[in-house]
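Worksheet: one structure, shown below.
The values are calculated or read from the model by the stated rules, or taken from the named source; none is laboratory data. Everything numeric here is computed off the predicted structure, so don't read it as measured data. Cβ placement follows ideal geometry from the backbone for every residue including glycine, while neighbour counts extend to all protein chains displayed. For the accessible areas, the whole protein counts, side chains as well, though only heavy atoms, and no ligand, DNA or RNA atoms are used. Shrake-Rupley method; radii C 1.70, N 1.55, O 1.52, S 1.80 Å.
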Amino acid sequence: MHDPVRTVARQVWRKDGLSEGSRLVPEETALALTFNGGTYAVMMGTPKDLQDFAIGFSLSEGIVKSAEEIASFDIVELDDGIELRMWLATAKAEQISERRRQIAGPTGCGLCGIDSIAEAVRPAAIVALGRSFTPSDILTAMASLGPLQAINLETRAVHAAAFWTPARGIVALREDVGRHNALDKLAGALAQASEPASEGMVLLTSRVSVEMVQKAATMGAPLIAAVSAPTALAVRMAERSGITLVAIARADGFEVFAHPERITADGKPSETAHVA
């Protein structure tokens, strides 16, 4: 398997002159997602947690409604990338043949190959009201992200998506050079663990674009909390889908852009537990 982190040589220029050395950087690999023998998409991503990525991508794209609909899965290493081979039931395979798009998706691309405006801004799933969270919950959750980002601690160059609940802290965290890939990996991890996203919040180390809201809505997450700001379309999509959108989350506070009714001042902060 490709190593997700590599050591590369580099020169360093400072005020006092030039020095030689090395640095750890994340790997970026072509990941081909194939269904029943045909390529659906080729994305650039970090070669780690690839089954999570394949299943999460399939769910967020609407190719399957549950991980169980993927009959078999194989990882095939090629000279210039990795093929993620999935086999579906016959009925699903016929649907895929109609939707298949052979595209190359650059890092961080969440809407590659979309061929209509309507498909790009398709309505997100509607998320039930579900549980509420305290401001302390949100601050505690975001503060717990950094120490658990293993690849980013080495490289300072990847995004993370995590799932946090008041009772258990961070349940799962996934990293990738692409923010959409990280969220797809998280969705796949939760689906395989039969972990209901309705019980917690999705944490992002990136900005919030419309496709990130769409993916979180498909997961059924009631709240997104992100380090960076959202786009205007992401705010509108969160409003329509019923997701509480928290962004610009820092140690001293955060901003709420949609559905603030889930945030209540009652209760106590929750403790961080483990990471899957």
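Below is a table of values for the structure above.
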quantity	calculated
Pairs where the first residue, in the range 159-175, is open to solvent by 20 Å² or more (accessible area, probe 1.4 Å) and the second is polar (S, T, N, Q) and part of a loop (DSSP other than H, G, I, E, B), C-beta under 8 Å, 6+ apart	His159/Thr205; His159/Ser206; Pro166/Ser270; Ala167/Ser270
Qualifying residue in the range 164-175 (condition: more than 20 Å from Ser144 (Cβ to Cβ) and either of a type in the set (A, V, I, L, M) or modelled with pLDDT under 95 (or both))	no
Subset of the range 245-255 (residues that are open to solvent by 60 Å² or more (accessible area, probe 1.4 Å) and aliphatic (A, V, I, L, M))	Ala251
Verdict on Val171 being under 15 Å from the mean Cα position of the chain (by Cα) and over 28 Å from Leu233 (Cα atoms)	yes
Search result, residues across the range 260-273 that are under 25 Å from Ala189 (Cβ atoms) and either modelled with pLDDT of 50 or more or assigned to a strand (DSSP E or B) (or both)	Arg262
Filtered residue count, the range 66-82, keeping only those that are closer than 11 Å to Gln51 by Cα and either in a helix (DSSP H, G or I) or of a type in the set (Lys, Arg) (or both)	1
Residue match in the range 259-269 (condition: touching a helix residue (DSSP H, G or I) at 6+ places or on another chain (Cβ under 9 Å), aliphatic (A, V, I, L, M) and touching a residue at least 24 places away in the same chain (Cβ under 8 Å))	yes
Count - residues of the range 190-214 that are touching a His at 6+ places or on another chain (Cβ under 8 Å), modelled with pLDDT of 95 or more and open to solvent by 10 Å² or more (accessible area, probe 1.4 Å)	1
Subset of the range 228-244 (residues that are crowded, with 20+ Cβ neighbours inside 10 Å and either in contact with a Leu (Cβ under 8 Å, 6 or more places away or on another chain) or in a loop (DSSP other than H, G, I, E, B) (or both))	Pro230, Ala234, Ala238, Ile243, Thr244
Members of the range 26-50 found to be closer than 13 Å to Ile70 by Cα and in contact with a helix residue (DSSP H, G or I) (Cβ under 7 Å, 6 or more places away or on another chain), listed by number	Leu33, Phe35, Asn36
Members of the range 10-53 that are touching a residue at least 24 places away in the same chain (Cβ under 8 Å), polar (S, T, N, Q) and part of a strand (DSSP E or B)	Thr29, Thr34, Thr39
Condition check for Val202: in contact with a helix residue (DSSP H, G or I) (Cβ under 6 Å, 6 or more places away or on another chain) and assigned to a helix (DSSP H, G or I)	no
Neighbours by Cβ (under 7 Å, 6+ apart or cross-chain): first from the range 54-75, open to solvent by less than 30 Å² (accessible area, probe 1.4 Å); second part of a helix (DSSP H, G or I) and among the charged types (D, E, K, R)	Gly56/Asp184; Gly56/Lys185; Phe57/Asp184; Ser60/Asp184; Ser60/Lys215; Val64/Lys92
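To keep it simple, each residue is scored yes or no on (1) at pLDDT below 65; (2) out of contact with any strand residue (DSSP E or B) (no Cβ under 8 Å at 6 or more places or on another chain); (3) part of a helix (DSSP H, G or I).
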residue: Arg101; (1), (2), (3): yes, no, no
residue: Gly110; (1), (2), (3): yes, yes, no
residue: Ile114; (1), (2), (3): yes, yes, no
residue: Ala118; (1), (2), (3): yes, yes, yes
residue: Gly130; (1), (2), (3): no, yes, no
residue: Leu139; (1), (2), (3): no, no, yes
residue: Leu153; (1), (2), (3): no, yes, yes
residue: Ala157; (1), (2), (3): no, no, no
